[in-house]
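Only the coordinates and a few stated rules stand behind these numbers; no lab work does. It should be emphasised that the depicted structure is a prediction, and the values quoted were computed from it without experimental measurement. Glycine also receives a Cβ, built like all others from the backbone with ideal geometry; neighbour counts cover every protein chain displayed.
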Amino acid sequence: MPAPRFQHRWGRHILLFLLTVGTTTALGIQHYVNFASDFATRNPIPDFVDRYRASEAIWWVLKAYGGQGLLYSAAILGILGAHEMGHYLMCRRYNVDATLPFFLPFPSLAGTIGAVIRVREAFPTRTALFDMAVWGPLAGFIVTVPLLFWGMHLSRVVPMPADMHGGYLLGEPLLFQLARWWTFGPIPAGSDINMHPVVFAAWIGMLATAWNLLPFGQMDGGHLTYATLGDVSREISLATAGFCIGMCFVSLSWGLMTLVMLIMLRFFGARHPPVLNEYEPLGRGRYALAIFAFVMLIVCFTPAPANVIP
């Protein structure tokens, strides 16, 4: 009797999801307080809150800004969840055993370090591998784009304080620049966009899309490269790793991605695991979709994702 397929540890999935809702909501509140401060030129928390006890002050902040924190949480988990469910649903379509998404909480920065599914067996055909790989970034991109433009509508242009210091300077992908121009037009000198937290969630979505589509190993881009180009994907993976090492000299924010790639090279090698049917043709439609995936990589890519402001 064959072993049951698509068996899930529901308790673990639910617990990780709830923890991630908590961390993203908490960070969403922090991001909104920063947004409401207009680059620290005003205090969005009244002075009388300072006289409260710690528990009362936290309760005041939750009542005042908890809804905005949940909005950010819904945006970023919607993007990441769409990405992973794109993978999962394609696994179900081709009967390739896989887990539901595991959301990963993180008590800083974005409030999460992403979400993952675990694929438990080899893909039967190049078509199955291609569809699983492409529909993750594509589903996430479909959710990211309207959130980016809506978040820009919620943002505002404000003068930059002369003594501004600290924080992060985020890189601006081409898609981000398009949304900014579409919403605000030319930005006056001495001013900048005060980004609503929904824009930051969309920025995380663009970063995740670009990094996942890098043509390396068993990342989404590596799957697509193998499905479309075959064994030449090995050389492309090695070149991509070298590219990321070089990008570390442009921005230290490439360090984590580069470290992940080097670990994957050490334990899994550069050669992509074969599918069961190596010689199945993909068809023109999927090659066109591969080109669109490359376009997504270009419009979501930034050479310096985040640099610290001294």
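With neighbours defined as other Cβ atoms within 10 Å of a residue's Cβ, the residues 236, 263, 113 order from fewest to most as 263, 113, 236. Here the spin labels are modelled as points 7 Å beyond Cα on the Cα-Cβ line, and at residue 18 and residue 239 they lie 4.9 nm apart. Of all the options 137, 273, 161, the one that moves most in a Gaussian network model of the chain with Cα springs shorter than 10 angstrom is 161.
Divide the volume of the convex hull around the Cα atoms of the range 30-188 by the residue count and you get 151 Å³ per residue. Can you tell me the orientation of helix 233-247 relative to the chain, as the angle in degrees between its alpha-carbon axis and the longest Cα principal axis, to the nearest 10? That helix lies at roughly 20 degrees to the long axis. Ranking of 267, 292, 176 by neighbouring Cβ atoms within 10 Å, starting from the fewest: 267, 292, 176. Per-residue ellipticity at 222 nm from helix content only, as computed over the chain with -39500 (n - 2.57) for each DSSP H run of at least four residues, stands at -20000 deg cm²/dmol. Proximity of backbone amide H atoms, modeled 1.01 Å from N, is registered between residue 194 and 156, 157, 158 at under 5 Å, excluding neighbours fewer than 5 places apart on the same chain.
Taking amide H atoms as placed 1.01 Å from N in the peptide plane, the amide H of residue 306 lies under 5 Å from those of 171, 253, each 5 or more residues away in sequence or on another chain. Each residue of the range 267-282 was assigned a 3J(HN,Hα) from its phi angle through the Karplus expression (A = 6.51, B = -1.76, C = 1.60, θ = phi - 60°), giving 9, 10, x, 8, 7, 6, x, x, 8, 5, 10, 6, 10, 6, x, 7 Hz with x at Gly and Pro. Between helix 10-36 and the chain there is an angle of about 40 degrees, using the helix long axis and the longest principal axis of the Cα atoms. Residues 108, 191 in ascending order of nearby Cβ atoms (within 10 Å, fewest first): 108, 191. Here the simple spin-label model places points 7 Å from the Cα toward Cβ, and for residue 38 and residue 280 these points are separated by 5.8 nm.
The DSSP beta bridges internal to the chain are antiparallel in roughly 90% of cases. Amide H contacts under 5 Å for residue 98: 6, 120, restricted to partners 5 or more places along the chain or on a different chain, H placed in the peptide plane at 1.01 Å from N. Taking a Cβ cut-off of under 11 Å around residue 225, the surrounding Lys, Arg, Asp and Glu residues balance to a net charge of -2, with basic ones at +1 and acidic ones at -1.
Separation of the range 111-140 from the range 162-227 is 22 Å, based on Cα centroids. Whole-Hz Karplus values for the range 92-105 come out as 5, 4, 9, 6, 9, 4, 7, 8, 5, x, 9, 7, 10, x Hz, taken residue by residue from phi with 6.51 cos²θ - 1.76 cosθ + 1.60 and θ = phi - 60°; glycine and proline positions read x.
Residues considered: 145, 299, 157. Largest GNM mean-square fluctuation over the chain, using C-alpha springs under 10 Å, is found at 157.
Taking 226, 72, 52 as the candidate residues, the one with maximal mean-square fluctuation in a Gaussian network model of the chain, Cα springs under 10 Å, is 52.
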